[in-house]
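Structure, as structure tokens:
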Amino acid sequence: MADPDPAAPPAPAMRVMGFVGWSGGGKTTLLARLIPVLVARGLRVSSIKHAHHDFDIDHPGKDSHTHRAAGATEVLVGSARRWALMHELRDEAEPTPEALLAHLSPVDLVLIEGFKWHPHPKVEVHRPSTGKTLLQPGDPHIIAVASDAVLDLPVPVLPLDDISGIARFVLAHAAPWTAPR
């Protein structure tokens, strides 16, 4: 691998914004509506989704599952349309958002769903109809709340159905993240 050209301008830092909230509040639905708006503005967008439970992207009977079950630490599956890397943690600790970000190809913006207690800028998705309490009062990294209700909070409250407004907020407040060298 060639050394980077010292005269070349540094690659722009990826920016990150998190979306947090209790299960059933609409985080995934919001991101599914937000991502196309951001992509239509010419941004390259990736996402990281935190899962609180065991999950699998392949299944018994598939070759990749057989390789993992046999003890492979990583299995990379590739085709003409996509590739996926599965990494078995075995006895390793759960990866941090920084560790996961380091695995992504450079993009303009990474949207992180979950990791609610991690210190990155976040928008809380809150629907009072779920009966869940707000996270915002206890988390200084929640810089806005997207809701389907009018709320009196010390941070901006973004109407949940104003996807363009949420996109503008994200672009104005996403934090830079540069991969460690």
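The values are calculated or read from the model by the stated rules, or taken from the named source; none is laboratory data. In this text the structure is predicted, and so the values were computed from the model without any measurement. All Cβ positions, even for glycine, are placed from backbone atoms using ideal geometry, and neighbour counts span all protein chains on display.
Assorted remarks:
- Verdict on L134 being modelled with pLDDT of 95 or more, in contact with a helix residue (DSSP H, G or I) (Cβ under 8 Å, 6 or more places away or on another chain) and under 13 Å from G25 (Cβ atoms): no
- When V145, V170 are checked against the criterion of being in contact with an Asp or Glu (Cβ under 7 Å, 6 or more places away or on another chain), of a type in the set (A, V, I, L, M) and not in a loop (DSSP other than H, G, I, E, B), V145 stands alone in meeting it.
- Of the residues in the range 83-92, none is surrounded by fewer than 10 Cβ atoms within 10 Å (Cβ to Cβ), in contact with a helix residue (DSSP H, G or I) (Cβ under 9 Å, 6 or more places away or on another chain) and within 30 Å of G24 (Cβ to Cβ).
- Hits in the range 67-82 - residues which are of a type in the set (D, E, K, R), exposed (fewer than 15 other Cβ atoms within 10 Å of the Cβ) and touching a residue at least 12 places away in the same chain (Cβ under 8 Å): E74
- Selection from the range 138-162 of residues that are of a type in the set (G, A, S), closer than 19 Å to S23 by Cβ and touching a residue at least 24 places away in the same chain (Cβ under 8 Å): A146
- Residue among V107, V125 that alone is touching a residue at least 40 places away in the same chain (Cβ under 8 Å) and within 19 Å of M14 (Cβ to Cβ): V107
- Some residue of the range 128-137 being in a loop (DSSP other than H, G, I, E, B), among the small types (G, A, S) and either over 17 Å from the mean Cα position of the chain (by Cα) or closer than 16 Å to M17 by Cβ (or both): yes
- Among residues that are in contact with a Phe, Trp or Tyr (Cβ under 8 Å, 6 or more places away or on another chain) and under 26 Å from R33 (Cβ atoms), H50 is included.
- For the range 15-108, the helices (runs of 4 or more DSSP H) that sit wholly inside it and include 2 or more residues that are within 21 Å of D161 (Cβ to Cβ), at pLDDT 90 or above and not small (G, A, S) are 27-40.
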